[in-house]
Amino acid sequence: MVTTSPAAATSSTSWWRRSGGLSTLAVITASLVVLSLFVGVYDLGAEGGGEMFQITRVPRTIALVLAGSAMAVSGQVLQQLTQNRFVEPTTTGTSEWAALGLLISVILLPSAGLTERMIIASVSAFVGTMVFMAILRRVQLRTTLIVPIVGIMLGAVVSALTTLIAISTNYLQMLGTWFMGSFTSVVRGQYEVLWVVAAVCVAIFLLADRLTVAGLGKDVSTNVGLNYERVLLVGTLMVSVATGVTTVVVGFLPFIGLIVPNVVSLLRGDDLRSNLPWVCLGGVAIVTASDLIGRTIRMPFEVPASVILGVLGAAGFIALVLRLRRHG
Amino acid sequence: MITVSNLTKRYGSVHALGPVDLEIPRGGVTALIGPNGAGKSTMLTIIGRLLSGDSGRVEVGDLDVVTADSRELAKKLAILRQENHFVARLTVRQLVGLGRFPHSRGRMRPDDVEAVDLALEFLDLTPLQDRFLDELSGGQRQRAYVAMVLAQQTDYVLLDEPLNNLDMRHAVTMMRQLRRAADELGRTVVVVVHDVNFAAAYADLVVAMVDGRIAHVGPAREVITPYVLTEVFGTPVDVIEHRDRPVAVYYH
């Protein structure tokens, strides 16, 4: 019989499993969110300051919170569904498909409102992600890095198509600003649809156990009587809606869905239900921090949050690849 | 009772199984033996409804595995495949807790927690329960997977080569624990084993398969014989006695 000393059973990461870690993270995130309300070029003490606060600062901060948690949670769910650590909406083509959907909606329905655009972008993201999943099923060699490579290639092809359509319809210039991943233009009346992602996050929380089981694959799911295909479909739908809406309102937010769930997984493992608060807070903290840096680094000008995220995220991605390679 | 009738399966143009008829009685340990490609895993996987047969029927208890509600079936029958590569980082306790899913649907009640405790205890995993799976040795991880299917508390437990990658000591421990699961917990355990001597030492019923068909079924003493094994494995096998159990010798 294998005997194990009690000391060996205590994992080195146990500190993080205590609730102290979560409250620390919550305090940090809350501070960043409050900071976001008061950082900007406009002097809130000046005349009309209160109104400016309502028109831009509050919407912008709410958008940061919603988009940050949406993208982080989407990444976590996609990683469970594909059983791969390297996927997130921008490495599965989901974001690119949402962008294509948005462009098509602008061309075909020029008078459509934000809600219609959002629906079309989400549907397009869903179709695209299902295409990705279908291709994955046919790929025989599903090594860790093949999966995101397939997704990135697919995304590049869709992106090229989007660009082609944009060129032939004179939308190319707008394309750049739309998908920049910037919170600069988030003002009252332009962001409210983002609340949809809050509903998606709640739904994912309710489905958390099913998604955790699905993360162990089709055989284990079937063994415990879970309809794997249905969970795959519903999970993909949730991610598509979250990504579609975020893309329409703020654009691409790369790497959050990759970095946050992976760091949380390293610290706490992959039990989705207990991880979700961590993933949400982590996503909000990183997006908010990136936006704050973007707002202050070249004041009075702004650098899009996605640029900061790209820099942070690329470094994080490489660190992750190296780490996983070391650990096999 | 598990009843397999007229079951067949092809992989493309390759004939994998059948037609097979088999009855596995309730209770005890049943071992499936045979050379590589004999269809043991294919049959086990079809019985566990992870794969569908081309024709024929499989009934477990009184449920038809193809038409029965998957969740109801999950309370009657648990199956563990040979290869389990989980990307998800779960602790042993969380993994075993997922075995309660058919009963709890994710909301663990006191009896679910009790079942998890029992399964952990049964496989000596209690000291390891808060470790992540990727921090365990291969043998410990294999035990954790078996604990997951035992926590499911099903009448029937199907295991495809549970001794794979286990060294001598761990293989013996695993077979003893499966034997105890049958004797003390009243489970019907069906295992595919590579080493016929584990079948000889622990199984009540031995099913020998060749080329997708069942060659012999019977108590260990009737199947673990030089004649049957030589024919089934296509290599000369001698059988000697050791502590009142047959032991196959096939190294020359």
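Could you list, in sequence order, the residues of region A:206-233 that are part of a loop (DSSP other than H, G, I, E, B) and either more than 20 Å from the chain's Cα centre (by Cα) or surrounded by fewer than 20 Cβ atoms within 10 Å (Cβ to Cβ) (or both)? Of everything in region A:206-233, those that are part of a loop (DSSP other than H, G, I, E, B) and either more than 20 Å from the chain's Cα centre (by Cα) or surrounded by fewer than 20 Cβ atoms within 10 Å (Cβ to Cβ) (or both) turn out to be A:207, A:216, A:217, A:224, A:225, A:226, A:227.
Taking residue B:210, is it in contact (Cβ under 8 Å) with a residue 60 or more places away in the chain, on the phi < 0 side of the Ramachandran plot and crowded, with 21+ Cβ neighbours inside 10 Å? Spelling it out, it is not the case that residue B:210 is in contact (Cβ under 8 Å) with a residue 60 or more places away in the chain, on the phi < 0 side of the Ramachandran plot and crowded, with 21+ Cβ neighbours inside 10 Å.
Residues that are modelled with pLDDT of 85 or more and in contact with a helix residue (DSSP H, G or I) (Cβ under 7 Å, 6 or more places away or on another chain): list the helices (runs of 4 or more DSSP H) wholly contained in region A:19-95 that include at least 1 such residues.
A:19-38, A:58-82
Filtered by the rule that a residue be without any contact (Cβ under 8 Å) to a residue 24 or more places away in the chain and on the phi < 0 side of the Ramachandran plot, region A:217-232 gives A:218, A:219, A:220, A:221, A:222, A:223, A:224, A:226, A:227, A:228, A:229, A:230. Entry remark, region A:155-186: residues being open to solvent by less than 40 Å² (accessible area, probe 1.4 Å) and either farther than 19 Å from residue A:89 by Cα or modelled with pLDDT of 85 or more (or both) number 5 in total. If we scan region A:43-52, do we find a residue that is open to solvent by 50 Å² or more (accessible area, probe 1.4 Å) and within 14 Å of chain B (Cβ to nearest Cβ)? No, region A:43-52 has no match at all.
Being open to solvent by 20 Å² or more (accessible area, probe 1.4 Å), touching a helix residue (DSSP H, G or I) at 6+ places or on another chain (Cβ under 6 Å) and farther than 17 Å from residue A:77 by Cα is the requirement here; does residue A:293 meet it? Give the steps one after another, and end with the answer.
Numbers: open to solvent by 20 Å² or more (accessible area, probe 1.4 Å): yes; touching a helix residue (DSSP H, G or I) at 6+ places or on another chain (Cβ under 6 Å): yes; farther than 17 Å from residue A:77 by Cα: yes.
Here the answer is yes, as residue A:293 does meet what is asked.
Does residue A:20 fit the bill of being within 22 Å of residue A:198 (Cα to Cα) and open to solvent by less than 50 Å² (accessible area, probe 1.4 Å)? Criteria not met by residue A:20. Does at least one position in region B:47-65 carry a residue that is touching a strand residue (DSSP E or B) at 6+ places or on another chain (Cβ under 7 Å), buried (at least 24 other Cβ atoms within 10 Å of the Cβ), assigned to a loop (DSSP other than H, G, I, E, B) and more than 8 Å from chain A (Cβ to nearest Cβ)? The answer is yes, given that some residue of region B:47-65 is touching a strand residue (DSSP E or B) at 6+ places or on another chain (Cβ under 7 Å), buried (at least 24 other Cβ atoms within 10 Å of the Cβ), assigned to a loop (DSSP other than H, G, I, E, B) and more than 8 Å from chain A (Cβ to nearest Cβ). Selection over region A:237-284 of residues that are outside any helix (DSSP H, G or I) and open to solvent by less than 10 Å² (accessible area, probe 1.4 Å) gives a count of 5.
Looking at this structure, is residue B:29 among the hydrophobic types (A, V, I, L, M, F, W, C), over 21 Å from residue A:226 (Cα atoms) and either touching a helix residue (DSSP H, G or I) at 6+ places or on another chain (Cβ under 6 Å) or open to solvent by less than 10 Å² (accessible area, probe 1.4 Å) (or both)? When the stated conditions are applied, residue B:29 passes them. Does region B:2-30 hold any residues that are at negative phi and either assigned to a loop (DSSP other than H, G, I, E, B) or in contact with a Phe, Trp or Tyr (Cβ under 7 Å, 6 or more places away or on another chain) (or both), and which are they? Those that are at negative phi and either assigned to a loop (DSSP other than H, G, I, E, B) or in contact with a Phe, Trp or Tyr (Cβ under 7 Å, 6 or more places away or on another chain) (or both): B:2, B:13, B:25, B:26, B:29. Taken together, the residues in region B:85-94 that are out of contact with any strand residue (DSSP E or B) (no Cβ under 8 Å at 6 or more places or on another chain) and either part of a strand (DSSP E or B) or within 8 Å of another protein chain (Cβ to nearest Cβ) (or both) amount to 4. Checking the stated criteria, residue A:214 turns out not to satisfy the condition of being more than 23 Å from residue B:102 (Cα to Cα) and either out of contact with any strand residue (DSSP E or B) (no Cβ under 9 Å at 6 or more places or on another chain) or without any contact (Cβ under 8 Å) to a residue 40 or more places away in the chain (or both). The sole residue among A:298, A:323 that is modelled with pLDDT under 85 and either in contact with a Pro (Cβ under 6 Å, 6 or more places away or on another chain) or not in a helix (DSSP H, G or I) (or both) is A:298. Scanning region B:66-84 for residues that are facing another protein chain (nearest Cβ under 9 Å), out of contact with any strand residue (DSSP E or B) (no Cβ under 9 Å at 6 or more places or on another chain) and over 21 Å from residue B:132 (Cβ atoms) turns up B:70, B:71, B:74, B:75. From the list A:276, A:253, A:237, the one residue that fits, being within 14 Å of chain B (Cβ to nearest Cβ) and within 19 Å of the chain's Cα centre (by Cα), is A:276. Across region A:106-145, the number of residues qualifying as closer than 16 Å to residue A:196 by Cβ and either in a helix (DSSP H, G or I) or open to solvent by 80 Å² or more (accessible area, probe 1.4 Å) (or both) comes to 13.
In this structure, residue B:79 does not qualify as in contact (Cβ under 8 Å) with a residue 12 or more places away in the chain, among the hydrophobic types (A, V, I, L, M, F, W, C), crowded, with 24+ Cβ neighbours inside 10 Å and assigned to a helix (DSSP H, G or I).
Restricting the search to helices (runs of 4 or more DSSP H) fully inside region B:95-160 and requiring at least 2 residues that are more than 8 Å from every other protein chain (Cβ to nearest Cβ) and in contact (Cβ under 8 Å) with a residue 40 or more places away in the chain gives B:138-151.
Residue B:73 meets each of the listed conditions (1) at pLDDT 90 or above; (2) touching a helix residue (DSSP H, G or I) at 6+ places or on another chain (Cβ under 6 Å); (3) under 16 Å from residue A:213 (Cβ atoms) apart from (2).
The values are calculated or read from the model by the stated rules, or taken from the named source; none is laboratory data. For clarity, every value in this text was computed on a predicted model and none was experimentally measured. Positions of Cβ are generated from backbone atoms using ideal geometry, with glycine treated the same way; all protein chains shown enter the neighbour counts. Note: accessible area is taken over every heavy atom of the protein model, side chains too, but ligands, DNA and RNA are not part of it. Shrake-Rupley method; radii C 1.70, N 1.55, O 1.52, S 1.80 Å.
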